[in-house]
Amino acid sequence: MQKPGIQIQNLSKCYGKKQALSGVSLNIKPGMFGLLGKNGAGKTTLMKIIATLLKKQEGNVTVCGIPVEKASEVRKIIGYLPQDFNMYRSMTVYQALDYLGVLSGMSGPERKDRISTLLAQVNLTEQAGKKVRALSGGMKQRLGIAQTLLHDPKVLIVDEPTAGLDPEERVRFRNLLCEVAENKTVILSTHIVGDVEATCEDVAILHEGRILFDGTVTDLCRLADGSVYMAEVSQKELAWIRSAYIITAVISQGKKSIVRFLSPDGKPPAGKSIAPNAEDAYIFCLNRAGKGGSLYDAI
């Protein structure tokens with residue numbers, strides 16, 4: 001019997017002299033798992049190793065109990081949507097999925113039933129006859145999910161899927177991922193913290209190839225307890241706060257602004273303490289790591 005989820009132990013990967021991943025260990029359970037990190041943090045490298053598109057150098061990785069060295073077996077149970085997804089632009093939506101079904105060895109009746117179900121699931125039934133190149137960004141991403149689900153994988157990996165989407169499409173795409181995750185393991189790799197906060201219970205932060213945090217979103221927010229403040233300030237005061245503190249959000253209101261900011265080292269002279277959200281905590285973590293501090297000192 002296959003073991004659900006993904007287990008990663010002491011994973012390392014180098015590109016020449018550049019250390020892309022260093023001693024990464026994670027236990028990813030079924031459901032939605034968020035992987036946060038800045039561009040260049042090592043997220044895509046980690047995704048590609050799990051998907052057997054890159055070879056690891058040290059450590060162990062198993063997908064549903066199958067080691068990634070058995071690439072052909074892992075690929076049967078995994079679906080991967082890369083950040084630069086692009087497919088068969090001159091084909092219609094249906095033709096593209098049908099062609100991929102042929103490559104997967106699916107029979108004609110099997111392809112017809114599966115594609116019909118998937119198009120309904122990703123809300124693309126009415127676009128089945130439309131050329132792929134004519135789809136909006138959100139529709140293309142939903143088509144990407146459909147193609148990864150074609151062989152009904154147990155694990156789904158999506159890399160920066162909502163980058164460039166408008167807010168409505170982002171919400172629609174997030175909801176789709178949550179539906180898919182009901183009976184699968186889904187890794188959402190992104191630098192958009194709001195997408196993780198809205199969809200994932202568990203999250204890890206990857207920073208310069210190392211795991212900076214691994215736990216629940218609630219635990220992540222707890223790291224920044226007592227360090228987040230809000231104040232209504234003038235433009236002059238805003239400039240001073242920018243120079244003295246880490247701003248996480250600003251809402252302009254005429255001559256005044258509502259500013260949300262971090263003060264990790266003590267209460268500032270202005271502002272009231274507020275509960276942190278995941279974005280506050282993420283920025284708090286990156287700032288603390290940049291200063292060489294231990295994140296878990298704050299718990």
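The values are calculated or read from the model by the stated rules, or taken from the named source; none is laboratory data. No experiment lies behind these values; they were computed from the predicted model shown. As a convention, Cβ positions derive from the backbone with ideal geometry for all residues, glycine included, and neighbour counts pool all protein chains shown. Note: accessible area is taken over every heavy atom of the protein model, side chains too, but ligands, DNA and RNA are not part of it. Shrake-Rupley method; radii C 1.70, N 1.55, O 1.52, S 1.80 Å.
If only residues of the range 237-269 that are among the hydroxyl-bearing types (S, T, Y) and not in a loop (DSSP other than H, G, I, E, B) are counted, the one that is farthest from G194 (Cα to Cα) is S243.
Quick grid of which residues meet (1) under 30 Å from G65 (Cβ atoms); (2) charged (D, E, K, R); (3) touching a residue at least 24 places away in the same chain (Cβ under 8 Å); (4) surrounded by fewer than 17 Cβ atoms within 10 Å (Cβ to Cβ):
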| site | (1), (2), (3), (4) |
| --- | --- |
| S116 | no, no, no, yes |
| N123 | no, no, yes, yes |
| Q127 | no, no, yes, no |
| K130 | no, yes, yes, yes |
| G137 | no, no, yes, yes |
| V155 | yes, no, yes, no |
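Scanning the range 92-106 for residues that are open to solvent by less than 60 Å² (accessible area, probe 1.4 Å) and either of a type in the set (D, E) or out of contact with any strand residue (DSSP E or B) (no Cβ under 7 Å at 6 or more places or on another chain) (or both) yields V93, A96, L97, D98, L100, G101, M106. Among the residues of the range 62-91, those that are surrounded by fewer than 17 Cβ atoms within 10 Å (Cβ to Cβ), among the polar types (S, T, N, Q) and without any contact (Cβ under 8 Å) to a residue 60 or more places away in the chain comprise S72, N86, S90. Evaluation of I50 against the conditions (1) without any contact (Cβ under 8 Å) to a residue 12 or more places away in the chain; (2) under 19 Å from S189 (Cα atoms) shows that the sole unmet condition is (1). For G194, the criteria (1) outside any helix (DSSP H, G or I); (2) more than 23 Å from T52 (Cα to Cα); (3) not aliphatic (A, V, I, L, M) hold in every case but one, which is (1). Scanning the range 1-19 for residues that are in a strand (DSSP E or B), hydrophobic (A, V, I, L, M, F, W, C) and open to solvent by 10 Å² or more (accessible area, probe 1.4 Å) gives a single hit, C14.
Being under 21 Å from I28 (Cα atoms) and of a type in the set (V, I, T) is a condition met by at least one residue of the range 217-230. Close contacts from the range 1-30, counting a first residue that is free of Cβ contacts under 8 Å to residues at least 24 places away in the same chain and a second that is among the aliphatic types (A, V, I, L, M), with Cβ to Cβ under 9 Å and a gap of 6+ residues or different chains, come to N27/I6; N27/I8.
The single condition among (1) open to solvent by 20 Å² or more (accessible area, probe 1.4 Å); (2) aliphatic (A, V, I, L, M); (3) in contact with a helix residue (DSSP H, G or I) (Cβ under 7 Å, 6 or more places away or on another chain) that I192 does not meet is (3).
Confirm whether L206 is touching a strand residue (DSSP E or B) at 6+ places or on another chain (Cβ under 6 Å) and closer than 26 Å to L21 by Cα. The answer is no for L206. Within the bounds of the range 171-189, is there any residue that is under 14 Å from the mean Cα position of the chain (by Cα), in a loop (DSSP other than H, G, I, E, B) and touching a residue at least 24 places away in the same chain (Cβ under 8 Å)? Checked the range 171-189: no residue is under 14 Å from the mean Cα position of the chain (by Cα), in a loop (DSSP other than H, G, I, E, B) and touching a residue at least 24 places away in the same chain (Cβ under 8 Å). If only residues of the range 216-255 that are open to solvent by 40 Å² or more (accessible area, probe 1.4 Å) and touching a Ser or Thr at 6+ places or on another chain (Cβ under 6 Å) are counted, the one that is nearest to G34 (Cα to Cα) is V250. The listed residues are G40, G34, G59, and the only one of them that is at positive phi and either surrounded by 22 or more Cβ atoms within 10 Å (Cβ to Cβ) or part of a strand (DSSP E or B) (or both) turns out to be G59.
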